[in-house]
Every structure is written in structure tokens, then in C-alpha cells.
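Notes to accompany the following structure.
Rule-based calculations on the coordinates, nothing more; no lab input. The model shown is predicted, which means the values in this text are computed figures rather than measured ones. Note that each Cβ is placed from the backbone with ideal geometry, even for glycine, and that neighbours are counted across all protein chains shown.
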Amino acid sequence: MPMKLPFFKPKKEIPLQEELTSVPEHVAIIMDGNGRWAKKRGLPRIAGHKEGMDVVKKTVETAVKYNVKILTLFAFSTENWKRPKSEVEYLLKLPKEFLHIYLPDLMKNNVRIETIGDFDSLPGFTKEAVQYAKEKTKNNDGLLLNFALNYGSRSEILSAIKLMMKDLDNDKFSLEQLDENLLSEYLYTHGLTDPDLLIRTSGEQRLSNFLLWQLAYTEFWFTDVLWPDFSEEIFVEALMDYQRRSRRYGGI
């Protein structure tokens, strides 16, 4: 009898850039599933975070390749402080490690780095590394890589309201001038377009206090894939799905 050969699934071909006729200008990603990825392999949670850091680099390269203009990554939330101290310390050291390894590649790809969130409350070593990267990349005019660090949307909105009330008391604007555009100017994301596409990995289908104001008309795309397994193929699958959507913003 002829020997049965094992079945190999052919690798899915990644579409060419020209096949994407409608690329989202701003993509936001909730990078979820590092801990579960590590647990499945009998590894400590920090091993998942380390693997996830390397995926960030590949994801940035894919965003550059397909001409995404802004990539916002939810790196550390205001709720993450509740995690075990050792894990929090590791998470807050990751930006320094990531930038130490990959800053030359980011420069080569013309990437500019920015952050949103309560930056001042981060530890000194995190702020120093990120500030250095911001300064080094400030003249780059390619992809804007926007890390949400110590970010929580409710605290962002509350902070914006407090600042607006102060400016209202100081007659910097009148109550009649208050509208959505004015409020947006007080948010961490002022000057940025709202995300066109939100991707969340790991199978969870919630926003987790991420960009609640800015995601009002964003297209959502969820995948069961854990963040350390996120690949160019999966990213492009999300981009392909996005271009099939019809965005009506409440119209017909």
C-alpha cells in the first residue's frame, strides 16, 4: 500500500499592497492574551509579555508596509496597576527594552513615536526611555506609533472636563462655544484623527476603558488569536475586512 503523506495546509498568501484599496488611516490595537499564551506553554506570564514585545515590532513593520498613518497600541492601562507588583515592574520596563533593541529599525522605517496617557505618573526609567525615543524620532514623518501608556479613557475624559471647567472660569471660551470639537482638543489624542479600525486579540470583545470617546464610529475587528501569535497575515486579514465595510456615520 502506498504510504499516506501527512496533510499540509498551504500557507495563505498575503495580499499585495495594491489589493488594499481602502486602508484605514488610524488603526488601534488592544494587545490581549500574553498571559494566556504563556500559561498554555507552562511559562511565567512575563514570558508572554516578552514574546508580545517582539510582535509589536512585526506589527509596526506591517503597518508601514501597508501605509497605515497612525498605529495606537494599548500598552499599559490605568487598571494594570492592580496586577502583581513583579508583573507591573516588568511591564513598565518593556518600553525601555523595546526601544533599546528596536529604535534603530524604527528610525530606518521613518517611524515617529508618541504616547497618550498619564505620562507623569510613570516611573523614571520608563519616562526617560520613552522621552529619548520621542526626541530621536520627532522629525520622522512616516508612521506615527502611538503608545497608550498608563492610559484609561474615563480618567482621560474626567481630566478633560476639569481642564475645560478651569478654562471656562478663566473666560478662555464661552459655554455657547462648547461642542464635541472643543472637548476633543482637551483629550490626550488632540491633533489625531479618531481610529478607523480597532483590533482586539484573544477572543475578548470589550473595550476595557480604551478610547471610549474616540471609538464612537470606529469599525471593530476581533480575533481569537492571542497577541504573541498575531502575524502579518492576521493583520492584513483585518485590513481586508475593513475595506469591505460600509461606513455611513449614522447616514444612509
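Along the axis of the charge dipole computed for the chain (Cβ charges of +1 for Lys and Arg, -1 for Asp and Glu, origin at the Cα centre), the listed residues F147, L103, L211 are led at the positive end by L103.
Here the Gaussian network model covers the chain, with springs between Cα atoms less than 10 Å apart; of G124, G48, G33, G124 fluctuates the most.
Only loop residues by DSSP count here, and only those with at most 15 other Cβ atoms within 10 Å; note down the trypsin sites (Lys or Arg not before Pro) in the stretch 167-251 that meet that. Provide the component values of the computation, followed by the final result.
Numbers: sites: K172, R200, R206, R244, R245, R247, R248; in loops: K172, R206, R244, R245, R247, R248.
When the trypsin sites (Lys or Arg not before Pro) of the stretch 167-251 are filtered for loop state and at most 15 Cβ neighbours within 10 Å, K172, R206, R244, R245, R247, R248 remain.
Over the stretch 57-203, what number does the Rg to Rh ratio reach, with both radii from the alpha-carbon atoms and Rh per Kirkwood? Spell out each step's value before the answer.
On the way: Rg = 16.9 Å, Rh = 16.9 Å.
That ratio equals 1.00.
Taking label positions 7 Å along the Cα-Cβ direction at both E87 and Q131, the computed distance is 3.0 nm, reported to one decimal. For the chain, a Gaussian network of Cα nodes joined below 10 Å ranks Q177, Q131, Q214 by mean-square fluctuation, and the top entry is Q177. Its Cα centre serving as origin, the chain has a Cβ charge dipole (Lys and Arg +1, Asp and Glu -1) of approximately 1180 debye. Sketch the reach of a paramagnetic label on H100 as a point 7 Å from Cα along Cα-to-Cβ, and name the residues of the stretch 115-140 whose backbone nitrogen lies under 17 Å away. The answer is 123-134, whose backbone nitrogens lie closer than 17 Å to the label point.
Could you check how many percent of all C-alpha pairs in the chain are farther apart than 35 Å? All intermediate terms of the calculation are to be shown ahead of the outcome.
Values: 5974 of 31626 pairs.
The answer is 19 percent, as a whole percent.
For K39 and F119 in one chain, what is 0.36 nm times their gap in residues minus the Cα-Cα distance, to one decimal in nm?
On the way: separation 80, 0.36 × 80 = 28.80 nm, distance 3.05 nm.
Once the chain is fully extended between K39 and F119, it gains 25.7 nm.
Between the alpha-carbon centres of the stretch 168-246 and the stretch 77-113 there is a gap of 21 Å.
Give me the net charge for the shell around G250: Cβ to Cβ below 15 angstrom, other residues only, Lys and Arg +1, Asp and Glu -1. Summing Lys and Arg as +1 and Asp and Glu as -1 gives 0. Residues considered: L91, L106, L183. Largest GNM mean-square fluctuation over the chain, using C-alpha springs under 10 Å, is found at L183. Label separation (F220 vs D167): 3.0 nm, computed from points 7 Å beyond Cα along the C-beta direction.
Checking the cross-link pairs K58/K127; K138/K162; K136/K166; K65/K138; K40/K134; K39/K162 against a 32 Å limit on the alpha carbon distance flags K136/K166; K40/K134; K39/K162 as lying beyond it.
How do I70, I199 rank when sorted from fewest to most other Cβ atoms within 10 Å of their own Cβ? Walk me through the intermediate numbers first.
Numbers: I70 22, I199 26.
So the residues, fewest neighbours to most, are I70, I199.
Each Cα pair under 8 Å and six or more residues apart adds its separation to the average, and for the chain the resulting relative contact order is 28 percent.
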